[in-house]
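We did not get these values from a lab; they are worked out from the coordinates using the rules stated. Computed from a predicted structure; not experimentally measured. Positions of Cβ are backbone-derived with ideal geometry, glycine not excepted, and every protein chain shown enters the neighbour counts.
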Amino acid sequence: MFYDEVLVEVEAGRGGDGCMAFRREKYIPMGGPFGGNGGKGGDIIFVTDNGLKTLIDLRYQKIIKGKTGANGEGKNKNGAGAPDTIIKVPVGTTIKDAETGAIIADLTKNEEEVIVAYGGRGGRGNVSLATRSNPCPSYAERGEPGEKRKIKVELRMLADVGLVGMPSVGKSTILSMISNANPKIASYHFTTLSPNLGVVVTKKGSFVVADLPGLIEGASEGVGLGHKFLKHVERTKIIAHVIDMGAEENRDPYEDYQIIRKELGEFSPKLLNKPEIIIANKKDLPNFNDNLTKFKEKLPDRQIFAISAFNNDGLEEVINNLQDLVLNTKDEVLFDTSVQEKHVLYKFKQEKPFNIVKENNAYIITGDQVEKLFQMTNFNTDEAYYRFANKLRHMGIDDELEKMGIQEGDIVKIMDYEFEYTK
Ligand SMILES: Nc1nc2c(ncn2[C@@H]2O[C@H](COP(=O)(O)OP(=O)(O)OP(=O)(O)O)[C@@H](O)[C@H]2O)c(=O)[nH]1
Ligand SMILES: [Mg+2]
């Protein structure tokens, strides 16, 4: 199977926990903090690999988790950073944030890489947390959680020329004649179910051709196989529009041409601005000449290549023309990644650092800042607990709770944690 769209959840590694330790050495009087910092959590990195052609490897990996940084240790020893998790994808892969649709990266070169989710920083040990007013803190931070996001990974194959047209017009036959590819050819519609690529070698160089599944009316709205594969045309430099000029199925070739153009334009107007050549196939059929004459009357200014793919007749000229066009057409930038989204930890930047809702007698506090603070607090000493409470007060949470009418003994919830409110 050909996979060109996959949804995955990525979660970078959590930072290692900071350590709480105290000096206890011979001849040195006890005292002074001695706990090191945790190491950074591993990033999740996507990198392109020329050898891959589909996203099948990602298909069974619904969640990708990064590695956790090592914890800090006593004697002020810092934990090691975790190694990154590297995911290989084919060239032509686009990565989007699944929730906002923002483009994270568009990878078009071999070995190009992007950090999709950043690992959390290590928690500070009590050496780093010491201040003038608290020179020997008896708490340490836990590691910061790694960035977590849902992403949509899409593949648009990289080809110089895309063969488009109605089903059974002979696209796969053309590819088989001009390139090294061996696509399936048959007289029924939708013989080609996923794009085939082939390399065409010419005197001036070479280029890559994609043979795409047939398009029909409504393709841009998802009829037939259409929509699913139109995106592959977005990256081709040139469109080679194939028409059954023999009208084997008693269709009107000019109408066919118009329908396909309309579908391309409705999918993306950019497709209509790409250089296009028209290939009139099935020259060996009796109605060919009549149809071609009528077709040319409607499009008098266009060069039309008359061929019989089947008999390998007229293809040489098509190849030479395409090669010149490929050499003279610049690569198009599909996504402007210079305006890439700013990478922020957690999905939404809220104006208020927290939000409180009351449910029965419990006050539920949510919000990125509070949750992160909570996740980085190790509630193993009273001092750590007070520090946490203090920070909540500074954020204005106590005031807000009071305003909402909280009473001594009411329950306050943050994530999966509950505690009683005391004044
Ligand atoms: N008479 C004639 N038949 C041809 C010619 N080229 C292709 N065919 C026939 O047309 C039919 C369809 O050819 P394909 O190459 O499979 O067509 P396609 O456009 O790839 O079709 P889909 O993959 O279904 O979209 C096959 O039976 C071919 O043998 C030609 O030049 N002359
Ligand atoms: Mg085909």
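Report the calculated FRET efficiency for ASP252 and GLU316 (r = Cβ-Cβ distance, R0 = 25 Å), to the nearest 0.05. Walk me through the intermediate numbers first.
Values: r = 29 Å, r/R0 = 1.15.
E(calc), rounded to 0.05, equals 0.30.
Taking only the C-alpha atoms, wrap a convex hull around the stretch 1-155 and report its volume per residue in Å³ as a whole number. Write out the running numbers ahead of the final one.
On the way: hull volume 19.0 nm³, N = 155.
In the stretch 1-155, the Cα hull volume divided by residue count equals 123 Å³.
Sequence-distant or interchain residues sharing an amide H contact under 5 Å with ALA306, placed H: which?
ALA280
Per 10 Å bin, what is the whole-percent P(r) computed from every C-alpha pair distance within the stretch 161-328?
11, 43, 39, 7, 0
Can you give the FRET efficiency to the nearest 0.05 for LYS372 and GLU5, using r as the Cβ-Cβ distance and R₀ = 41 Å? Kindly include the intermediate steps, with their values, before the conclusion.
Details: r = 32 Å, r/R0 = 0.78.
For R0 = 41 Å, the calculated efficiency reads 0.80.
If you add up the charges near GLY170, with Lys and Arg at +1 and Asp and Glu at -1, over every other residue whose beta carbon is less than 14 angstrom from its beta carbon, what do you get? Could you put the intermediate results ahead of the total?
Details: positive: LYS171, LYS184, ARG251, LYS282, LYS283; negative: ASP211, ASP244, GLU248, GLU249, ASP256, ASP284, ASP313.
So the environment of GLY170 carries a net charge of -2.
Expressed in nm to one decimal, what extension gain is obtained for the pair ASP57 and ASN360 from 0.36 nm per residue of sequence separation less their Cα-Cα distance?
Values: separation 303, 0.36 × 303 = 109.08 nm, distance 4.73 nm.
Full extension of this stretch gives 104.4 nm more.
For the chain, what is the relative contact order in percent, using Cα pairs closer than 8 Å and at least 6 residues apart in sequence? The partial results should precede the final answer.
Values: 1043 pairs, mean separation 57.9, N = 423.
Value for the chain: 14 percent.
Of all alpha-carbon pairs in the stretch 72-180, indicate the percentage at a distance above 25 angstrom.
Details: 3229 of 5886 pairs.
Pairs farther apart than 25 Å: 55 percent.
Expressed as a whole percent, how much of the Cα-Cα distance distribution for the stretch 126-193 exceeds 19 Å? It would help to have the intermediate numbers written out before the result.
On the way: 1448 of 2278 pairs.
Counting pairs separated by more than 19 Å, the tail of P(r) holds 64 percent.
What GluC sites (Glu not before Pro) in the stretch 384-423 are in a loop by DSSP, with at most 15 other Cβ atoms within 10 Å of the Cβ? Working shown, then result.
On the way: sites: GLU400, GLU402, GLU408, GLU418, GLU420; in loops: GLU408.
Passing sites in the stretch 384-423 are GLU408.
Please compute one quarter of the surface area of the Cα convex hull for the stretch 355-420 and express it in square nanometres. Let's see the in-between values first.
Details: hull surface 16.9 nm².
One quarter of the hull surface, i.e. the mean projection, equals 4.2 nm².
Among the listed pairs LYS53/LYS270; LYS67/LYS109; LYS109/LYS283; LYS184/LYS231, which are separated by more than 31 Å between their Cα atoms? Each step should come with its number before you reach the end.
On the way: LYS53/LYS270 25 Å; LYS67/LYS109 27 Å; LYS109/LYS283 39 Å; LYS184/LYS231 22 Å.
In this structure, LYS109/LYS283 lie more than 31 Å apart at Cα.
Taking the convex hull of the alpha carbon atoms in the chain, what volume per residue do you get, in Å³? Please report the intermediate quantities before stating the final value.
Details: hull volume 81.9 nm³, N = 423.
Dividing the Cα hull volume of the chain by its residues yields 194 Å³.
What's the Cα-based Rg to Rh of the stretch 162-215, Rh via Kirkwood? Could you put the intermediate results ahead of the total?
Details: Rg = 10.9 Å, Rh = 11.1 Å.
Reported Rg/Rh (Cα atoms, Kirkwood Rh): 0.98.
Please give me the summed charge of the neighbours of PHE295: other residues whose Cβ is under 11 Å from its Cβ, Lys and Arg +1, Asp and Glu -1.
Around PHE295, the charge tally is -1.
Using a ≥ b ≥ c from the Cα gyration tensor of the stretch 147-257 (square roots of the eigenvalues), is it rounded, prolate or oblate, where a/c under 1.5 gives rounded and otherwise the larger of a/b and b/c decides, a/b for prolate?
Details: a/c = 2.03, a/b = 1.20, b/c = 1.69.
Oblate, because a/c is 1.5 or more while a/b does not exceed b/c.
May I ask you to evaluate 6.51 cos²θ - 1.76 cosθ + 1.60, the Karplus curve with θ = phi - 60°, for each residue of the stretch 33-43 and list the ³J(HN,Hα) values in order in whole Hz, giving x for glycine and proline?
x, 8, x, x, 7, x, x, 6, x, x, 7
Can you give me the distance in nm between label points at ALA80 and ASP301, each placed 7 Å from the Cα along the Cα-to-Cβ direction?
6.7
Quick one: which residues, 5+ away or cross-chain, put their amide H under 5 Å from the amide H of GLY15? H built at 1.01 Å from N.
Here GLY41, GLY69, GLY120, ARG121, GLU144, GLY146 satisfy the definition.
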